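The values are calculated or read from the model by the stated rules, or taken from the named source; none is laboratory data. Predicted model, so just to flag it, every value in this text is computed and none were measured. Ideal geometry is used to build each Cβ from the backbone, glycine not excepted, and the neighbour counts take in all protein chains shown. We work out accessible area using only protein heavy atoms, side chains counted, and drop any ligands, DNA or RNA first. Shrake-Rupley method; radii C 1.70, N 1.55, O 1.52, S 1.80 Å.
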Amino acid sequence: MRRLPSALLLLLPPLLLLPSPAAPAVPAAPARPGFPARGSRGPGGSPGRRLAPGAGQPGGAGASGFCKSRPLDLVFIIDSSRSVRPLEFTKVKTFVSRVIDTLDIGPADTRVAVVNYASTVNIEFHLQTHLDKQSLQRAVGRITPLSTGTMSGLAIQTAMEKAFTVEAGARAPGSHIPKVAIIVTDGRPQDRVNEVAARARAAGIELYAVGVDRADRESLRMMASEPLDEHVFYVETYGVIEKLSSRFQETFCAADPCMLGTHGCQHVCISDGNGRHHCECSQGYSLNADKKTCSAIDKCALNTHGCEHICVNDRADSYHCECHEGYALKEDRKACAAQDQCASGTHGCQHICVNDRAGSHHCECYEGYSLNQDNKTCSVRDKCALGSHGCQHICVSDGAASYHCDCHTGFTLNEDKKTCSAIQEARSLISTKDACGCEATLAFQNKAVSYLQRLNTKNILSGSLSA
């Protein structure tokens, strides 16, 4: 907690703090520990809420001018007995609304309830009823005074037993969200307020006492938490009570270096609460030994490399660009251009390269071959289809890489297993004449030679036509 700056006393002469034997003056005091700060995350931090005039003076929580309210479970306990005139009660509601306006309201931030009391006690709304600032302030504006009597002790007991419960919207003890009550009164309690207030403080409720005009100052001290000079307030009239809102804004302020911009982090500031923080780095960077600055560890991960296709890290703070298959790096060593791999001879096809589109191709094989699983090399599928078998008449395929030759009808395969000779015509050359005679033998030879010449010519022509 922080004491009221002297500048505020100069601005508000009627506004007084009850003196404490241990504190004759109101010097600045350091912030009380135990209230976790709501952090922020962002490069360089970002400004938080600017304090109201008078709250940012030297020594106050807002000396730098910026802060964010701590999350609280806050219950206002307001006196609406007959001694509080209608216009004065309106001033009390204005004070409550102005304090709410300085807070960060929400399910994870501050939650607010109001207990209205006189001789009876009424919980106007619970901590879980209104979780946004606008609906809270409208609900405060609808509160009406009750009746005679000032049962301050009963009001504190009701707040402790019914308002500060998990069922009513208070956070569980494990959440470490402070429970705070601000009691506003202008009279003397008509019940044993000191005993009830002691039980409330023992239950972990921090009590602030605000006295107006005829309020009994000793009763204010009995109700409030220690130290009294930070928890007891007194104003001469309701006309200035609303000015106390700036003091409570300062009291509930959690200075956040990330929001103030004083963290010194090069990249990201993370608030850890209670004014503490640590620095982190953006993706692709690592935190240096000074725990504030950052160094690049992966240029490619930063997405600032400019490579059109592929960025490849070479070492810390170094990289180069590459292109997808079918593309080549341009002169700028970043952009890529489609290339004709078939024309460049880099396709790897064993037989035929076929361009599909810019930067793309596929391989094919010659007739009689089939493409292997690598989609580049080829294997023989039909030796006969290749035309290199050498058969004079007919090539017969025996499998993927085997064949044999055959001859047309009336021909027989020669010993070379490729060429063919006529069977019937050769036999018809055998004469019934006496082949033993010289003349007969000579005539037979001449006739056979002549016939074989004609036959050979015929076979050559037939082979050419077949090919």
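General remarks:
- The label point for LEU455 and the one for THR377, both projected 7 Å from the Cα toward the Cβ, are 4.8 nm apart.
- Tensor-based shape of segment 251-345 (alpha-carbon gyration tensor, a/c under 1.5 rounded, otherwise prolate or oblate): prolate
- Too-long pairs where the Cα-Cα distance tops 18 Å, listed order kept, from LYS179/LYS243; LYS299/LYS334; LYS417/LYS447; LYS162/LYS243: LYS179/LYS243; LYS417/LYS447; LYS162/LYS243
- For segment 199-261, the relative contact order works out to 29 percent when only alpha carbon pairs closer than 8 Å and six or more residues apart are counted.
- Per-residue accessible area (protein heavy atoms, 1.4 Å probe) orders THR419, THR144 as THR144, THR419, starting from the largest.
- Sequence of VAL312, VAL75 from largest to smallest accessible area, 1.4 Å probe: VAL312, VAL75
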